[in-house]
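Below is one structure, written out as structure tokens; comments come after it.
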Amino acid sequence: QVQLVESGGGLVQAGGSLRLSCAASGSISSTNVMGWYRQAPGKQRELVAVITSGGSTNYADAVKGRFTISRANAKNTVYLQMNSLKPEDTAVYYCNANVRPHYSSASRDYWGQGTQVTVSS
């Protein structure tokens, strides 16, 4: 079993900052790409940022220069530092990790339960 547990969401005023964390736990052999996605009401889930085990990153254009993704490989944890938040960043943020469990030769994607981020104007 592999679980992803997110924390750090909340309510913040426009221009403020939040830091999200997501820890993967369970029977993990290796963790490959980790990332954050978000889904606003009435919209499809979209990529926010991803990071490889080697530290390469990719960001959605809407968050470039404001958000920073990082990870602690030894802790199977990924972080999202969100600065200069805007009301349009309001969404449920989901953690995603591509994980190979000990009991399998194949990797698959796992998702966290989501954490609400609300930015007031």
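The values are calculated or read from the model by the stated rules, or taken from the named source; none is laboratory data. Please read these numbers as outputs of a predicted model, since none were measured by experiment. Neighbour counts run over all protein chains shown; Cβ positions are idealised from the backbone, glycine included. Protein only, heavy atoms only, side chains kept; ligands, DNA and RNA dropped before computing areas. Shrake-Rupley method; radii C 1.70, N 1.55, O 1.52, S 1.80 Å.
Just the number, please: Stokes-Einstein D of the chain in µm²/s, Kirkwood Rh from C-alpha pairs, 37 °C, 0.692 mPa s. Kindly include the intermediate steps, with their values, before the conclusion.
Details: Rh = 14.4 Å.
Here the translational diffusion coefficient equals 227 µm²/s.
Using a 1.4 angstrom probe on heavy atoms only, work out the carbon and sulfur share of the accessible area of the chain in %.
Numbers: 2870 of 6150 Å².
Solvent-exposed carbon and sulfur of the chain make up 47 percent of the total.
Taking the Cα centre of the chain as origin, work out the dipole magnitude from +1 charges on Lys and Arg Cβ and -1 charges on Asp and Glu Cβ, in debye rounded to 20. Before the final figure, lay out each step's value.
Details: 11 positive and 6 negative charges, 29 e Å.
The dipole magnitude comes to about 140 debye.
Taking the alpha-carbon distance from Lys86 and a cut-off under 16 Å, which lysines remain once sequence neighbours fewer than 8 residues away in the same chain are dropped?
Lys64
Would you tally the net charge around Gly112, using a Cβ to Cβ cut-off of less than 13 Å, leaving Gly112 out, and scoring K and R as +1, D and E as -1? Could you put the intermediate results ahead of the total?
On the way: positive: Arg38, Arg45; negative: Glu6, Asp109.
Around Gly112, the surrounding residues sum to 0.
Tell me the net charge near Val78. Cut-off is 12 Å between Cβ atoms, Val78 excluded, with +1 for each Lys or Arg and -1 for each Asp or Glu. Walk me through the intermediate numbers first.
Details: positive: Arg19, Arg71, Lys75; negative: Glu6.
Computed value for this residue: +2.
Kindly state, to the nearest 0.05, the FRET efficiency for Ser7 paired with Asn32, given R0 = 30 Å and r defined as their beta-carbon distance. Mind showing how you got there, number by number?
On the way: r = 22 Å, r/R0 = 0.73.
According to the calculation, E is roughly 0.85.
Please work out the Cα center distance from the stretch 60-75 to the stretch 1-36, rounded to the nearest Å.
Measuring centre to centre over Cα atoms gives 11 Å.
Accessible area per residue, 1.4 Å probe, Å², for the stretch 11-86: what's the number?
Working: 3870 Å² over 76 residues.
Using a 1.4 Å probe on heavy atoms only, each residue of the stretch 11-86 averages 51 Å².
Find out how many positive minus negative residues lie around Ser25, taking Lys and Arg as positive, Asp and Glu as negative, among other residues whose Cβ is under 14 Å from that of Ser25. Mind dumping the intermediate values first?
Values: positive: Lys75; negative: Glu6.
Cβ neighbours under 14 Å give a net charge of 0.
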